[in-house]
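One structure is given below, encoded as structure tokens.
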Amino acid sequence: MKTDNSSDRKIVVEQRKRFSESCLWRMQREYFDQEGINAWVNQVPFYITSNPYIATCYAQLVMRFIRDTIKNNPDAKNHPFYILELGTGSGRFSYYVLKTLLELRQTLGMEDIAICYVMSDFTKNNIQYYETHPALMPYVEQGVLDFAIYDLEAERPITLLKKNIRLGPDTLVNPLTVFANYIFDTVSHDSFTVHEGKLYELLMTISTPESNMRDNKAVEMEKLTIDYNVHEVKGSYYSDPHLDAILEEYKNTFKDTSFLFPIGSIHAIKLMKKLSNNKLFIIASDKGYSAIESLDHLGHPSLSFHGSFSMMVNFHALGKYFKNSGGDFFLQTPRKGIKTSVFCSNIQLKDMPETSQGMQQYVEGFSPADYFTLHRRMSDSFQECNLETIAAHMNFTGWDPHIYAKLANRVTSLVPDADNDTVNFMASNMHKMAANYYYMPKSDCILFEIAVFFHSTKRHADALKYYKLAQPYVGEQFGLFYNMALCEHHTENNADALESFKHAIKIDPQSKETEEWIVYLEKQLAEKSQAQE
Ligand SMILES: C[S@@+](CC[C@H](N)C(=O)[O-])C[C@H]1O[C@@H](n2cnc3c(N)ncnc32)[C@H](O)[C@@H]1O
């Protein structure tokens with residue numbers, strides 16, 4: 001490390017480094033390791049890849065892929081289909097996709113097909129969260145869910161923690177399905193520039209104020225400054241003809257641009273190819289470029305910080321890599337938002353008709369990106385929507401608790417004047433939203449919100465059921481016990497109502513209303529018992 005002599009006391013952290021070897025990736029991993037599940041509490045954006053709609057798209061593609069595989073090779077049904085999720089994060093997507101997969105498997109009469117879903121992440125802090133999550137535990141008990149520590153930047157065995165099975169050519173008889181959401185943008189890239197027909201690697205010099213250094217290491221990523229130096233690439237850069245061919249094509253095609261090369265992801269893909277007898281089916285969603293035209297005329301790469309940092313993924317290069325090495329790919333046509341892509345190794349999509357139809361519908365057709373764009377527009381106008389529109393939107397989201405939490409107050413304010421059909425429609429779908437509840441720290445408890453909905457529609461028995469279900473999540477909350485007491489009273493259970501009001505007043509001894517209820521109910525119960533004597 002060197003200190004420069006300028007007056008702003010900037011420290012040069014590293015000089016002229018290949019991007020994939022930069023300290024940035026270590027800092028990125030440290031961030032996720034330290035934060036664990038808290039990374040998703042108002043820091044790293046994740047709704048776009050963690051909602052029921054994207055999960056439905058993936059589940060539909062996978063079931064079609066399984067059906068095509070069995071049609072092409074009937075013996076496939078005698079072996080499990082493994083699905084490995086990389087850089088799993090919060091686990092909300094995993095829960096939705098596995099739930100939908102199992103529902104589809106049942107609807108299609110395919111219960112005899114064994115599925116093993118593996119949630120992986122490099123940090124054990126995340127794995128520990130999944131292992132004890134109430135929504136996931138039943139799937140572990142059924143043997144359809146497992147966990148694995150897997151760092152894409154390290155070539156190490158992948159062992160399933162519950163089944164104690166190591167993924168490898170013996171276990172992976174069927175093609176390995178891989179889900180990669182917001183992870184190819186998180187692991188290492190190289191960077192290059194093309195100018196006047198020549199290819200240069202972009203080497204990074206990173207500096208930061210001295211106050212951002214601890215133990216000779218930079219601490220906050222946001223305080224780093226990146227400068228680039230160029231160095232002409234002559235001959236083979238990667239010593240891999242499949243990869244070098246892509247660089248050569250870019251050198252000959254681009255007029256003037258800088259681009260990233262997802263080398264960390266490619267290393268991981270090479271390992272997964274090895275483990276799976278070179279049979280991979282990957283679905284990935286990320287920010288990125290899918291058309292070669294969108295890669296020309298770009299400036300040097302910029303990092304976007306949001307707790308961690310992320311880059312635009314060069315999906316075009318990934319597609320080319322699969323094609324060059326005997327595989328296939330499908331990239332959705334460019335549009336704003338995330339890109340969903342499909343890659344296959346040693347499989348040609350023309351031989352997979354159901355999968356191809358699914359890609360037309362769920363990747364090129366109404367894609368996860370389209371869903372997000374529409375959802376965001378709707379979110380901006382919830383306060384102007386009537387209950388019919390809100391109900392239709394909830395149906396569109398697949399009864400997504402994350403959305404309902406944002407509009408629950410609007411719903412309860414509209415209920416008194418709403419028509420019966422709409423209220424009944426919402427009421428009859430509330431169980432779907434409850435089934436979509438995936439607990440995350442510091443987030444709203446949707447079971448409580450469902451209870452409030454039923455309470456506001458005077459369906460006291462249903463409200464009581466959901467208040468009770470909410471109790472382990474919301475804990476000792478005055479409102480919970482007070483509302484439970486009201487529902488118990490309305491369902492003619494005054495003895496329980498009295499207990500609940502007494503519980504509520506312990507939490508808030510100042511509550512006059514609760515005191516009055518206790519006096520009233522004690523009197524009622526005493527009169528009733530006298531009448532019975
Ligand atoms: C941006 S988050 C994406 C999480 C999730 N897939 C989503 O879409 O919300 C990146 C995730 O990858 C994990 N991660 C970071 N570096 C990794 C690596 N080298 N190998 C495996 N996982 C990694 C982080 O712990 C985090 O869970």
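Key figures for this structure:
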item	result
Qualifying positions in region 122-146 - in a loop (DSSP other than H, G, I, E, B) and touching a residue at least 12 places away in the same chain (Cβ under 8 Å)	Phe122, Thr123, His133, Pro134, Ala135, Leu136, Gly143, Val144
Filter pass, Trp40 being of a type in the set (Phe, Trp, Tyr), within 12 Å of the ligand (Cβ to nearest atom) and modelled with pLDDT under 90	yes
Selection from region 221-236 of residues that are touching a residue at least 60 places away in the same chain (Cβ under 8 Å) and assigned to a loop (DSSP other than H, G, I, E, B)	Leu224
Scope region 229-277; condition surrounded by 17 or more Cβ atoms within 10 Å (Cβ to Cβ), farther than 24 Å from Pro301 by Cα and more than 16 Å from the ligand (Cβ to nearest atom); matching residues	Lys273, Ser276, Asn277
Subset tally (residues that are surrounded by 23 or more Cβ atoms within 10 Å (Cβ to Cβ) and modelled with pLDDT under 95) for region 291-320	1
Residues of region 176-198 satisfying the condition of being of a type in the set (Val, Ile, Thr) and either in the same structural domain as Ile338 (by TED's automatic domain parsing) or within 16 Å of the ligand (Cβ to nearest atom) (or both)	Thr177, Val178, Ile183, Thr186, Val187
Residue list for region 176-217, restricted to those being more than 30 Å from His306 (Cβ to Cβ) and outside any loop (DSSP other than H, G, I, E, B)	Leu176, His195, Lys198, Leu199
Restricting region 82-119 to residues that are in contact with an Asp or Glu (Cβ under 6 Å, 6 or more places away or on another chain) and of a type in the set (Ser, Thr, Tyr), the residue that is farthest from Ala55 (Cα to Cα)	Thr88
Members of region 372-415 that are in contact (Cβ under 8 Å) with a residue 60 or more places away in the chain and in a loop (DSSP other than H, G, I, E, B)	Thr397, Gly398, Trp399, Asp400
Within region 72-96, tally of residues that are assigned to a helix (DSSP H, G or I), more than 10 Å from the chain's Cα centre (by Cα) and touching a residue at least 60 places away in the same chain (Cβ under 8 Å)	2
Residue satisfying all of: in region 147-175; outside any loop (DSSP other than H, G, I, E, B) and within 16 Å of the ligand (Cβ to nearest atom); nearest to Asn277 (Cα to Cα) among these	Thr159
Single unsatisfied condition, Asn386 versus (1) in contact with a Lys or Arg (Cβ under 9 Å, 6 or more places away or on another chain); (2) more than 22 Å from Asp68 (Cβ to Cβ)	(1)
Checking Asp244 against (1) over 30 Å from Gly326 (Cβ atoms); (2) without any contact (Cβ under 8 Å) to a residue 12 or more places away in the chain, the condition it does not meet	(1)
Number of the condition not met by Gln106 [criteria: (1) farther than 25 Å from Thr397 by Cα; (2) surrounded by fewer than 22 Cβ atoms within 10 Å (Cβ to Cβ); (3) away from the ligand (no atom under 11 Å from the Cβ)]	(1)
Residues of region 8-29 classified as surrounded by fewer than 16 Cβ atoms within 10 Å (Cβ to Cβ) and acidic (Asp, Glu), total	2
Residue under evaluation Glu35, criteria (1) more than 16 Å from the ligand (Cβ to nearest atom); (2) touching a residue at least 60 places away in the same chain (Cβ under 8 Å), criterion not met	(1)
Helices (runs of 4 or more DSSP H) completely within region 237-328 that count 2 or more residues being more than 26 Å from the chain's Cα centre (by Cα)	241-253, 315-324
Total residues in region 278-297, condition among the aliphatic types (A, V, I, L, M) and away from the ligand (no atom under 15 Å from the Cβ)	4
Among (1) under 23 Å from the mean Cα position of the chain (by Cα); (2) free of Cβ contacts under 8 Å to residues at least 60 places away in the same chain - the single one Cys344 does not satisfy	(2)
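The values are calculated or read from the model by the stated rules, or taken from the named source; none is laboratory data. Note that the structure is predicted; figures quoted are calculated from it, not measured. Reconstructed Cβ throughout: ideal geometry from the backbone, glycine too, with neighbour counts over all protein chains shown.
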